[in-house]
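The values are calculated or read from the model by the stated rules, or taken from the named source; none is laboratory data. Everything numeric in this text was worked out from a predicted model, so none of it was measured. We place every Cβ from the backbone using ideal geometry, glycine too, and count neighbours over all the protein chains shown.
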Amino acid sequence: MIVTLLTDYGTGDEFAGVCRAVIRRIDPDVEILDVGHGVPRHDVRAGALVMRNVLPYLPIGVHVAIVDPEVGRERRAVAIRCEDGHLLVGPDNGVLSLAWELAGGVDDAVDISRSPHRLEPVSATFHGRDVFAPVAANLAIGAELAEAGERIEAEDLATITLPRANVSDGGVTAHALVIDGFGNIGLNMTHAELAGTGLVLGGRVRIEAQGAERRATFARTFADVAPGEAILYEDAYRTLALAVNRGDAAAELGIARDAEVRLSPE
């Protein structure tokens, strides 16, 4: 069974590599896929959004998400079996919650903080190596979830609640959830929520945010507008986003993460 890794460790240090090494020592033949190690440091919500977005494209396996600013304190480490068969491993801080919601909910969950699979002694600051990696490896080779820790109720798991877009007066007030490396702005809105907004593909859109206004075109892709022009589009994960063709929308529109963004038809 495949093991995937998503962390905020970055690639400049040995942390991600050591986690991979621990998994391989337990099972030299396991396939390990690095989903990425560039989640913004300590940003649990950003990690949860990435995990949710990538899960539909991952094979059934053990998926480890480590964004853990409370490491070493009294937060649980957990392993979760989703209704669709995916296994999730990580801190109990909400980083797994958007993924298990997408996977049909929680079928079973255990507290792995004192798992018999963990390495000893357990570091107070590197549970990725000492707890999450060895538990994931053992689950990947067939260990039962019940053997990995003490059972906990699904309703006791930490979750993340995302803000909701508000449709009113022929437009919508959304929020900037994600700003990617290109400066594109992911909004908390899907195509299905466009009803009643007046926003239509090919139409012009007025953007109001941070006290400023900008015009954009509701388009399918960046090349549908001239370089330097703004677009509203449906991104690769079927959520609405703002971009500037060959530019940085966040910088040019002055939109920071969590900012309210008012979209209305022209």
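Name every residue in segment 112-151 that is of a type in the set (Val, Ile, Thr) and touching a residue at least 60 places away in the same chain (Cβ under 8 Å), in order of residue number.
Result: 141, single match.
Would you confirm, using the coordinates I've provided, whether residue 162 is hydrophobic (A, V, I, L, M, F, W, C) and either closer than 26 Å to residue 63 by Cα or modelled with pLDDT of 95 or more (or both)?
So residue 162 passes the test.
Among the residues in segment 176-195, are any more than 28 Å from residue 39 (Cβ to Cβ) and buried (at least 18 other Cβ atoms within 10 Å of the Cβ)?
yes
Look at segment 171-194 and say how many of its residues are part of a loop (DSSP other than H, G, I, E, B) and either free of Cβ contacts under 8 Å to residues at least 12 places away in the same chain or in contact with a strand residue (DSSP E or B) (Cβ under 6 Å, 6 or more places away or on another chain) (or both).
3
What's the total number of residues in segment 41-72 that are free of Cβ contacts under 8 Å to residues at least 40 places away in the same chain and crowded, with 16+ Cβ neighbours inside 10 Å?
Qualifying residue count for the region: 1.
Being in the same structural domain as residue 145 (by TED's automatic domain parsing) and outside any helix (DSSP H, G or I), is that true of even one residue in segment 14-23? Spell out the reasoning first.
The first filter runs over segment 14-23 and keeps only residues in the same structural domain as residue 145 (by TED's automatic domain parsing), leaving 14-23.
Filter once more, so that each one left must be outside any helix (DSSP H, G or I): 14.
Taking every residue of segment 14-23 in turn, at least one turns out to be in the same structural domain as residue 145 (by TED's automatic domain parsing) and outside any helix (DSSP H, G or I).
Conditions (1) under 23 Å from residue 50 (Cα atoms); (2) surrounded by fewer than 19 Cβ atoms within 10 Å (Cβ to Cβ); (3) assigned by TED's automatic domain parsing to the domain that holds residue 7; (4) modelled with pLDDT of 95 or more, marked per residue:
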site: 129; (1), (2), (3), (4): yes, no, yes, yes
site: 135; (1), (2), (3), (4): yes, no, yes, yes
site: 138; (1), (2), (3), (4): no, no, yes, yes
site: 143; (1), (2), (3), (4): no, yes, yes, yes
site: 208; (1), (2), (3), (4): no, yes, no, no
site: 212; (1), (2), (3), (4): no, yes, no, no
site: 226; (1), (2), (3), (4): no, yes, no, yes
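Exactly one condition in (1) touching a Leu at 6+ places or on another chain (Cβ under 6 Å); (2) within 17 Å of residue 145 (Cα to Cα); (3) surrounded by fewer than 22 Cβ atoms within 10 Å (Cβ to Cβ) is false for residue 34; which is it?
(2)
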